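The values are calculated or read from the model by the stated rules, or taken from the named source; none is laboratory data. Remember, it's a predicted structure, so these values are computed and weren't measured experimentally. When we count neighbours, we look across all protein chains shown, and the Cβ atoms used for this are built from the backbone with ideal geometry, even at glycine. To get the accessible areas, we keep the full protein, side chains included, count just its heavy atoms, and leave off ligands, DNA and RNA. Shrake-Rupley method; radii C 1.70, N 1.55, O 1.52, S 1.80 Å.
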Amino acid sequence: MSYIKQIRIVDLLIIALSLLAKYADQVFFSNSLYVYLTVLVVAFLCASKVMWLLVGGYRFSGKQLIAVVALSGLACAYFLCLNKIDLIMALFIALALLDLGVTRYVGYWGIAAGLFFIVNLIAYVTGAVMDHVSVVHVEGDGLGTRLSLGFDHPNYSICFLLPLICAGIYTRDRLTKTVCLLSAAALVSITYYFTASRTAILSAIFGIFLIVLSYFIRRWPGVACLTVLAPWAMLCLSVIVATVFGNDSRLNQLLSSRPLSWSQGIQHIQVFGASEYTKNLFSTGGSLDNFYIYMLCGYGVVLALIIFLLFSLLAGTVGNLFRFTLVKDVKVEESQKNIEVCLMILVYLVMGFTERHVLDFGFGILAPLLLWAVIEPDVLFVRTKRHLHALDDAVAMGRY
């Protein structure tokens, strides 16, 4: 096995074990030992990979070091609000996978997520994995039960499928795209049959729709501009629904009482950090099922706006709308643009309207990309196979 292949296996392990950590947190939620051990292994692999990059000749520039320090402060502040390690682990992964490239990064996430979900589904159907949570909901002719496929909640199932859907959106290989499309469509249908997850399924359907469109559209004029504005538009929509329609009975029935919880949460927003209301809500097992309201209430206005700004920065970088790059003379042909990353962002932002798991470690395909947009934005530009081979050559020669 070549040296490069060994390094790529480590990269794949980092991604797969991140998913495994979230899976263990869901399936074995009564025993956190499995989660802690897996997270420690991921952190160790990331630290080892970063050391390998440095020994192999990679050197951080002054701007990169400033970016890393700033993002470390952001990650620590994020952790201090609700004791969430999502951005800390995202930073570790972003630094460890600097030499991987977006194409492999998205592909590895798709492979790992698809396999995990299929294995879990087989284990669930055969009885090896059992439901420890079931949700009663109102149906037209009475009450029904929503199964969770062994996860902590029925809605979590879609989070494990989105990386596979994103891989289908991103790839331009038609065979790979077809495999992702058919697999995602089948798994989403089976998931809905068991979980009846109406709100979460919308983002999956939207993602599958984008996979279909991507067969026919290579250039997406205006999508980068749309994505730059999307987090702010979704934030405004969420706040409007929370403040104007929070007590609307029909909307609450449609969205499983989410607007009511949003309106209650938004009354306790702070400039920085989580309010006691939010801390008490989460300590008692409650939730705010809206990413934008969750950020405002759980982390404060300052951190929330910085996170939304990172989404816009990533979209503007891959869309080549503005240059926040370390190499100012980069020229990107239209066919080489990673504009599909904008479509991936839109899928997660749509999910964020009814779920809060956009940046969760383990599901977090987007979080490291957000940090790449600041640390090493040039790796987000080019997506060709020729670039990947050149990248491997650079790694082999010790330039990474």
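Some values worked out for this structure:
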item	result
Pairs where the first residue, in the range 176-192, is of a type in the set (F, W, Y) and the second is at pLDDT below 90 and surrounded by fewer than 19 Cβ atoms within 10 Å (Cβ to Cβ), C-beta under 9 Å, 6+ apart	Y192/R198
Neighbours by Cβ (under 6 Å, 6+ apart or cross-chain): first from the range 345-365, farther than 25 Å from L254 by Cα and open to solvent by less than 10 Å² (accessible area, probe 1.4 Å); second part of a loop (DSSP other than H, G, I, E, B) and not acidic (D, E)	F363/H357
Filtered residue count, the range 219-234, keeping only those that are under 17 Å from L309 (Cα atoms) and without any contact (Cβ under 8 Å) to a residue 24 or more places away in the chain	1
Selection within the range 196-249 - farther than 15 Å from V341 by Cα and among the polar types (S, T, N, Q)	S197, T199, S203, S238, T243, N247, S249
For F272: the one exception among (1) farther than 30 Å from R218 by Cα; (2) of a type in the set (F, W, Y); (3) assigned to a helix (DSSP H, G or I)	(3)
Qualifying positions in the range 13-38 - open to solvent by less than 50 Å² (accessible area, probe 1.4 Å), in contact (Cβ under 8 Å) with a residue 60 or more places away in the chain, among the hydrophobic types (A, V, I, L, M, F, W, C) and in contact with an Asp or Glu (Cβ under 9 Å, 6 or more places away or on another chain)	V27
Candidates I111, I118, I88 - the one that is in contact with a helix residue (DSSP H, G or I) (Cβ under 6 Å, 6 or more places away or on another chain) and not acidic (D, E)	I88
Options L326, L305, L310; residue that is assigned to a helix (DSSP H, G or I), open to solvent by 30 Å² or more (accessible area, probe 1.4 Å) and either modelled with pLDDT of 90 or more or not acidic (D, E) (or both)	L305
Which numbered condition R172 fails, given (1) in a helix (DSSP H, G or I); (2) open to solvent by 10 Å² or more (accessible area, probe 1.4 Å)	(1)
Any hit, the range 213-230, residues being open to solvent by less than 10 Å² (accessible area, probe 1.4 Å), modelled with pLDDT under 95 and within 17 Å of the chain's Cα centre (by Cα)	no
Which numbered condition R59 misses (of (1) out of contact with any Asp or Glu (no Cβ under 8 Å at 6 or more places or on another chain); (2) not in a loop (DSSP other than H, G, I, E, B))	(2)
The range 275-298: number of residues that are open to solvent by 10 Å² or more (accessible area, probe 1.4 Å) and under 20 Å from H357 (Cβ atoms)	10
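The rows are residues; the columns are (1) of a type in the set (S, T, N, Q); (2) part of a loop (DSSP other than H, G, I, E, B); (3) open to solvent by 10 Å² or more (accessible area, probe 1.4 Å); (4) within 24 Å of L288 (Cα to Cα).
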{"residue": "F151", "(1), (2), (3), (4)": "no, yes, no, yes"}
{"residue": "F160", "(1), (2), (3), (4)": "no, no, no, yes"}
{"residue": "T176", "(1), (2), (3), (4)": "yes, no, yes, no"}
{"residue": "L181", "(1), (2), (3), (4)": "no, no, yes, no"}
{"residue": "A184", "(1), (2), (3), (4)": "no, no, no, no"}
{"residue": "I190", "(1), (2), (3), (4)": "no, no, yes, no"}
{"residue": "I201", "(1), (2), (3), (4)": "no, no, yes, yes"}
{"residue": "A204", "(1), (2), (3), (4)": "no, no, no, yes"}
